[in-house]
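Notes to accompany the following structure.
The values are calculated or read from the model by the stated rules, or taken from the named source; none is laboratory data. The model shown is predicted, which means the values in this text are computed figures rather than measured ones. For neighbour counting, all protein chains shown are included, and Cβ atoms are generated from backbone atoms with ideal geometry for every residue, glycine included.
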Amino acid sequence: MENRQQWGSRYGFILAAVGSAIGLGNIWRFPAVAYENGGGAFFIPYLVALLTAGIPLLIMEFTLGHKYRGSAPLSYFRLHKNAEWLGWWQVFIAFVISTYYAVIIAYALKYSIYGLDLTWGDKPSDFFYGEVLQLSAKPGDIGGIVPGVVIALLIVWVITLLVLYKGIAKGIERFNKIFIPALVIMFSLIVIRALTLDGAGQGLNTFFTPNWSAIGDGKVWVAAYGQIFFSLSIAFAIMITYSSYLPKKSDINNNAFITGFANSGFELLAGIGVFAALGFMAAQQGVPVAEVVKGGIGLAFEVFPAIINEFPGFNAFFGTMFFLTLVFAGMTSLISIVETYVSALQDKFGISRTKAVLMGGGVASLISLLFATNGGLYILDITDYYINNFGIALSGLIEVVLIAWFFKQLKGLQNHANGISDLRTGLWWKACLGVVTPILLGYMMFDAIKQNVSKNYGDYPTDLIVSYGLIVAVGIIVLGFLLSLVKWKSETVAAKKEVS
């Protein structure tokens, strides 16, 4: 079989997998989702979702990569000759995400500098949309390049590509060994500080107080499965690619449990920190916590600067530290995302790692300039929504249905994972992937389609929805099929027999 790079240690792989899973969404998506879906009661469907979908899917993808020893397209090709297109589809999902995810990290990088003297002033919202983004007055008006964003974006891409150029053990593993512990320590300090602020208790009460009636609401369960699904880096080639670099003797099942629980632990930590800070902000303004709750980019670049302004001391220190945690969380995820198409290019075309990094990263960095324009935030919002709902969620549904129902490969994958793992999976694993996950993901897709048929996402004009949403979502499927028509090298086909 062809030589393949390997992780230097199990610890290095777990840190890399956890680093991929822990991203910006853990900090600004999970707290708001939990609050809006029952508060403390949300943790019951969330835990169920983790155990019945998140970890089973992680085990499946870890096993796919480890058994078939390749990038997502190569692993699917070795699994079944008609499955390669799915791997390319997932690689293109990762490619699209990398083009705009890097821009958000660039925002955070700029803000880590702004934090030194609280440059955003007493009107953080106006500063973000006016001074930083120079946002166009209406969607569709692309305008020109925003120089300040592009400079930060260039730094993000240079660091990312340098780490990838160094390879798996010397690049990605070393980077994560430094930045993941640093991220956890820094964010823990922020949480501890937030907990000491006036009003923190009010914020935590709002976050944890259970609304038990929500347990009976199907949408709450869908939200729990959606959060688990989107936060674990499942179904866009990352975990398959990362696990392909594992040594032959690797505890697949335990690695999946550690990764899943570590990611959820960080999400809980993020929820505590965010709501303690929101409680403080509500106390300062004399309003209920519910009035200051916000998620997404608005939480990071509007609400948190306003909170930091009100800190009774060390404002600049905690402001800079908060945005550095966003940079660290974002960078570890971005590196894993870009690695998916670097690995796929190497496998398919037999080129060197250096060429794959320059080709894949170079094209992605150029496309990312579109999101660094005056109208870039509108395009980013549309693309992110459609690539998540009609990219990741849909590809995950098809992945599970093909492997469990059509190719009937669950037993073979389970035997492989159990054969090298201390913890063995049984009927639970196959039932979750063969029944529970397809039903839940199928309902999520049905609900998303129904919502988008009745109303345009975000009330954006239809032409923008089509151009930056639908065409992108459909186009990457078409590209996946086209690339799967390109023949593999003869030695790759020969290696397929060795791993089958």
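Of all residues in the range 397-407, one or more are in contact (Cβ under 8 Å) with a residue 12 or more places away in the chain, of a type outside the set (A, V, I, L, M, F, W, C) and either buried (at least 22 other Cβ atoms within 10 Å of the Cβ) or assigned to a helix (DSSP H, G or I) (or both). With respect to the conditions (1) hydroxyl-bearing (Ser, Thr, Tyr); (2) touching a residue at least 12 places away in the same chain (Cβ under 8 Å); (3) over 23 Å from GLN346 (Cβ atoms), SER484 lacks only one, and its number is (3). Residues in the range 230-240 that are buried (at least 24 other Cβ atoms within 10 Å of the Cβ) and part of a helix (DSSP H, G or I): ILE238, MET239, ILE240. Just for the range 381-391: of the residues that are in contact with a Phe, Trp or Tyr (Cβ under 7 Å, 6 or more places away or on another chain) and surrounded by 22 or more Cβ atoms within 10 Å (Cβ to Cβ), which one is farthest from VAL91 (Cα to Cα)? Looking at the filtered set, the residue picked out is ILE382. Scanning the range 39-65 for residues that are over 20 Å from GLY396 (Cα atoms) and crowded, with 24+ Cβ neighbours inside 10 Å gives a single hit, PHE42.
Residue selection: ASN205 satisfies the criterion of being of a type outside the set (A, V, I, L, M, F, W, C), over 29 Å from SER98 (Cβ atoms), out of contact with any Asp or Glu (no Cβ under 7 Å at 6 or more places or on another chain) and surrounded by fewer than 24 Cβ atoms within 10 Å (Cβ to Cβ). Checked against the criterion of being over 28 Å from VAL342 (Cβ atoms) and basic (Lys, Arg), the range 153-167 has no qualifying residue.
Applying a threshold of 7 Å to beta carbon distances and a minimum spacing of six or more residues, or different chains, the list of pairs starting in the range 449-478 at a residue that is touching a residue at least 24 places away in the same chain (Cβ under 8 Å) and ending at one that is acidic (Asp, Glu) reads GLY458/ASP381.
Restricting attention to the range 1-38, the residues that are touching an Asp or Glu at 6+ places or on another chain (Cβ under 6 Å), at pLDDT below 95 and buried (at least 18 other Cβ atoms within 10 Å of the Cβ) add up to 2.
Taking the listed residues VAL274, VAL287, the one that is under 28 Å from ASP381 (Cβ atoms) and assigned to a loop (DSSP other than H, G, I, E, B) is VAL287, with no other qualifying.
How many residues are farther than 13 Å from PHE187 by Cα and not aromatic (Phe, Trp, Tyr) when one looks only at the range 259-275?
5
Number of residues in the range 294-326 that are under 19 Å from SER125 (Cα atoms), in contact with a helix residue (DSSP H, G or I) (Cβ under 6 Å, 6 or more places away or on another chain) and aliphatic (A, V, I, L, M) equals 6.
For the condition under 18 Å from LEU268 (Cβ atoms) and in a helix (DSSP H, G or I), what is the one hit in PRO31, PRO56, PRO73? Sole residue among the options that is under 18 Å from LEU268 (Cβ atoms) and in a helix (DSSP H, G or I): PRO31.
Please count how many residues of the range 331-354 are farther than 12 Å from LEU164 by Cβ and part of a helix (DSSP H, G or I). Lay out the reasoning, then the answer.
Residues of the range 331-354 farther than 12 Å from LEU164 by Cβ: 332-333, 344, 347-352.
Restricting the remaining residues to those that are part of a helix (DSSP H, G or I) gives 332-333, 344, 347-349.
Counting residues in the range 331-354 that are farther than 12 Å from LEU164 by Cβ and part of a helix (DSSP H, G or I) gives 6.
Within the range 49-71, residues that are on the phi > 0 side of the Ramachandran plot and in contact (Cβ under 8 Å) with a residue 60 or more places away in the chain sit with their Cβ atoms under 7 Å from residues that are of a type in the set (A, V, I, L, M) and assigned to a helix (DSSP H, G or I), at 6+ positions apart or across chains, in these pairs: ARG69/VAL499. The conditions of being over 19 Å from GLY23 (Cα atoms) and assigned to a helix (DSSP H, G or I) are met by VAL222. One residue stands out among those in the range 91-138 that are under 26 Å from THR462 (Cα atoms) and among the polar types (S, T, N, Q): the one that is nearest to the chain's Cα centre (by Cα), which is SER98.
The residues on offer are ILE307, ILE297, and the sole one that is in a helix (DSSP H, G or I), free of Cβ contacts under 8 Å to residues at least 60 places away in the same chain and out of contact with any Lys or Arg (no Cβ under 8 Å at 6 or more places or on another chain) is ILE307. Among the residues of the range 416-427, those that are free of Cβ contacts under 8 Å to residues at least 60 places away in the same chain and either in contact with an Asp or Glu (Cβ under 9 Å, 6 or more places away or on another chain) or over 17 Å from SER244 (Cα atoms) (or both) comprise GLY426, LEU427. For ALA235, the conditions (1) out of contact with any Phe, Trp or Tyr (no Cβ under 8 Å at 6 or more places or on another chain); (2) on the phi > 0 side of the Ramachandran plot; (3) not hydroxyl-bearing (Ser, Thr, Tyr) are fulfilled apart from (1). What about GLU291, is it among the charged types (D, E, K, R), closer than 27 Å to THR209 by Cα and without any contact (Cβ under 8 Å) to a residue 24 or more places away in the chain? For GLU291, the condition - among the charged types (D, E, K, R), closer than 27 Å to THR209 by Cα and without any contact (Cβ under 8 Å) to a residue 24 or more places away in the chain - is met.
Can you say whether LEU402 is of a type in the set (A, V, I, L, M, F, W, C) and at pLDDT below 95, as far as the supplied structure shows?
Considered against the rule, which asks whether it is of a type in the set (A, V, I, L, M, F, W, C) and at pLDDT below 95, LEU402 comes out as no.
If only residues of the range 444-471 that are assigned to a helix (DSSP H, G or I) and in contact with a Gly (Cβ under 8 Å, 6 or more places away or on another chain) are counted, the one that is surrounded by the fewest Cβ atoms within 10 Å (Cβ to Cβ) is ASP463. Among the residues making up the range 373-396, a single one is over 15 Å from the mean Cα position of the chain (by Cα), in a helix (DSSP H, G or I) and of a type in the set (Gly, Ala, Ser): GLY376.
Selection of the range 408-443 for residues being part of a loop (DSSP other than H, G, I, E, B) and either closer than 25 Å to PHE390 by Cα or among the polar types (S, T, N, Q) (or both) yields LYS408, GLN409, SER421, THR425.
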